[in-house]
Each structure stands twice: as structure tokens, then as C-alpha cells.
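Some notes on the structure that comes next.
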Amino acid sequence: MLSLARTIAIGAGVAVLWTTSVSAHHSYAMFDATKDVTLTGTVKVFEWTNPHVWIRIEVAGANGALEVWGVEGQSPNFLSRRGWSGKTFKAGDKVSIVIHPLKDGAKGGQFVSAVLPNGETKLMTGPSLP
Amino acid sequence: MNARVAGLITILAAGVLAPASTTLAAGPSMGPFKPADWASLAQRPDLSGVWENVGAPLNANSAAKTPAAAEKLAKYRAATAAGQIQNVESANCIPPGIPINMAMPYPIELLITPGKVTMIMEAFTQVRHIYTDGRALPEDPDPTYNGTSIGHWEGDALVAETIGFLPETEIAWGLGHSDKLKIVERMRLADPDKLEIQFTITDPAVLTAPWVVKINYKRRRTWGIREYVCAQNNRHNFEASGKTTLDLN
């Protein structure tokens, strides 16, 4: 997924490329950007809210028990100019989400990419749309 | 030349020259405005519109810092690298002030009206009022997040001067300021769709020389400014002690 993100970024030419490390709101120091974790499961809630969108996804844990993870994305303001909407995720969607996990080990992380039920890959970064 | 013709020439000359004066003739005014006040705006480059920051985030590296400011910045960055959130105020939804808030991945909008330029910053839903009606900067304004501003035109550039910032704001992440901070902005159109804002930042307490930094903006004809209410769903809470809590539920 990261290589896909980079390919798109290079293709964007002169457009500004805000990376996942840039936020209006807070630094991303609490997330481990060196690690990718893939969460495959069912969307419980999608919060299309400022300052960050949040996806809560239910996945099968190590012992098979279901657990809920919280995934933080950029803001609706930022994402709506990059092809997202408040309907990008819906409760009940079967999706796969790659995150940078929280350093403290809690069940959460920063959104990197997702594969939607229709097979579309959704990224958070890249050039803004006209 | 008879007196009547001379008088007419004087009137015409005044009409031509009026737009070149820096302000409304009558001094500080918030209206009501006359047709001539609106007409005079047409003589200026049209800076109005929604502008996307197409530069990079501000980076304090290019600022000439006092040793104390440099040391503080280094500590800020080291702590951030170690996983501790340092921009506590903004993480708790307190706006960071300018110029940081104009260097965001969010657009600004300029509205040009007689005697005033209004800047709407989407980040944190902030508004700046830059008075171009000839008033002077107050000597000791109440400190605010975005300061107190006046402006005037110099040729094709709108020049804004701003003082009076709250101590918790920063001029770049990790670079604070004193009550001597002054920010001068030169805003001009490099072309009809490209706005350049050059900041000249002076503060003898943290900078050993004026810090000059430019941000480029691209006109976004189809965009509107969106609401950004940070307190809507802020799941982070950063305490001054450095403790971070995150509500995942």
C-alpha cells in the first residue's frame, strides 16, 4: 500500500503532497510509522467528524474473540478534497484497513489505506482534487 | 487655463489618484460605503477568493534563532521524536495562531471590502480582520491568537502588519515568541491564480534577524471553506505534564 501511495505521489508532479505526518491538529508521535498492521473485519462505526475521522472496526483477535479497534484518519475537510465522503465507509462493510499502530499497544492506530467492499483501494494522502 | 478648467483637472486628477492612496479618505470606517469606495477596489489586484496552500509546512530551520530558542526547539523535536506530543494546545483544539494556521493543509479565503481585508482560515475556523481604513495599530492591544492587524497597499501588494499575540501561540512548531513579536505580510498575485504571501517575522527575544518566509497559494475556483470545529470529536487529550490519553471507545 505504501508503494502505491508513493507512486501516486510521484505522479502528482507539482501538487503539494501533504503526508500522513502533517496535521493541523496534533503531531502523529503516538503512532508507530515504521509498522503496518492490517485489520480485516467489519466496520462498526464511521465518524465523519473534525478534527479527525474515526473508523471503529471489529476484527478477530489472537484467540478468536472479537475485538474493536479505533482508526484515526485525517479530517473531513482534507479527505473530502481527496475523494472521500461521509459514505466512504458504512457500518457493516467488510473491509481491510492498514494502520500505523499506537506505540502504547492500545487497540488503535493511524489510517494508512483500506480496501473497500467493492475492491477499491482508499488512501488518505495525495494531491487535492480540483 | 481658466479656473473652471483647472478645477476640473484637479477633480479628475484626484479621481485618478484616489485609488493610489493607501486608505479611505475619511479615516477609520466600517461603512456605510459610497460607490466610489467600492470602485476604488477595482483598481487593485483581486486577491479575493479561496486559496490552497501549495507550499510546505513552516520549518523553523531557516530562522536565525537565539541560542535559547534553538535549544528549546531542539528539545521540542527530540521529545516529539521520542513519541511525546508537544503541540499540546492545538491537540486540545486551541488554535495555533499565525503564521502556523496559514501554513496548514487547509485553505484560506480573502474577502476584500472597503477599508478591510477579511481572512477566513479554514483550520480551526479562524477569522482575521485586517483594517485598511487608515487606522493605526494600537500600542498595546489585548493579546489574541491571530493578533491585531492593519494593512495598506504598496503598489500591487497588500501589506499587513500584525502585533499582539497570546504567549501560547508559536511562529513555527516548537518556536515560541515574546510580546515583541511583529509579523509583516506582503500579499501579491504572482499571476491571477497564484497568491504569494511573504512573511517577515521579527522578535528580538527568539530571532537574531528577521525571519523571511514565503508561502504560495493556488486559487481554487470551485472550493468553498468548510467548517472545522475541532471540539466536535477530539478524542485526544494532552496534558501539560506530557501525559496523553486517547478515547478509543
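The values are calculated or read from the model by the stated rules, or taken from the named source; none is laboratory data. Note that the structure is predicted; figures quoted are calculated from it, not measured. FYI the Cβ positions are ideal-geometry reconstructions off the backbone, even for glycines, and counts take in every protein chain you see.
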Quick check on my filter: what residues within segment B:171-188 are out of contact with any strand residue (DSSP E or B) (no Cβ under 9 Å at 6 or more places or on another chain) and either closer than 14 Å to B:Ile215 by Cα or at pLDDT below 95 (or both)? B:Trp173, B:Gly174
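Of these, A:Gly70, A:Gly83, A:Gly61, which one is within 25 Å of B:Glu122 (Cα to Cα) and not hydrophobic (A, V, I, L, M, F, W, C)?
Values: A:Gly70 fails: within 25 Å of B:Glu122 (Cα to Cα); A:Gly61 fails: within 25 Å of B:Glu122 (Cα to Cα).
When all the criteria are applied, what remains is A:Gly83.
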With the condition kept exactly as written, say whether any residue in segment B:139-147 is of a type in the set (D, E, K, R), part of a loop (DSSP other than H, G, I, E, B) and within 14 Å of another protein chain (Cβ to nearest Cβ). no
Output the residues belonging to segment B:207-249 that are aliphatic (A, V, I, L, M), in contact with a Lys or Arg (Cβ under 9 Å, 6 or more places away or on another chain) and modelled with pLDDT of 95 or more. B:Leu207
Do you know which of the residues in segment B:26-74 that are hydroxyl-bearing (Ser, Thr, Tyr) and assigned to a loop (DSSP other than H, G, I, E, B) is surrounded by the fewest Cβ atoms within 10 Å (Cβ to Cβ)? B:Thr66
Run A:Asp104 past the list (1) surrounded by 13 or more Cβ atoms within 10 Å (Cβ to Cβ); (2) at negative phi and report the number of the one that doesn't hold. (1)
Contacts under 7 angstrom Cβ, first residue in segment B:221-249 being touching a residue at least 24 places away in the same chain (Cβ under 8 Å), partner surrounded by fewer than 13 Cβ atoms within 10 Å (Cβ to Cβ) and hydroxyl-bearing (Ser, Thr, Tyr), 6 or more apart: B:Asn237/B:Thr245
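Consider segment B:113-132. How many of its residues are away from chain A (no Cβ under 14 Å), of a type in the set (A, V, I, L, M, F, W, C) and either in a helix (DSSP H, G or I) or over 14 Å from the mean Cα position of the chain (by Cα) (or both)? Let's see the steps before the verdict.
Here is the first cut: in segment B:113-132, the residues away from chain A (no Cβ under 14 Å) are B:113-119, B:127-132.
Narrowing further to those that are of a type in the set (A, V, I, L, M, F, W, C): B:117, B:119, B:127, B:130.
Now narrow it down to the ones that are either in a helix (DSSP H, G or I) or over 14 Å from the mean Cα position of the chain (by Cα) (or both): none.
Final tally of qualifying residues: 0.
Among the residues of segment B:199-249 satisfying the criterion of being of a type in the set (S, T, N, Q) and part of a strand (DSSP E or B), which is farthest from the other protein chains (Cβ to nearest Cβ)?
This residue is B:Thr202.
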Please work out if B:Asp156 is within 14 Å of chain A (Cβ to nearest Cβ), more than 30 Å from A:Leu102 (Cβ to Cβ) and not small (Gly, Ala, Ser). no
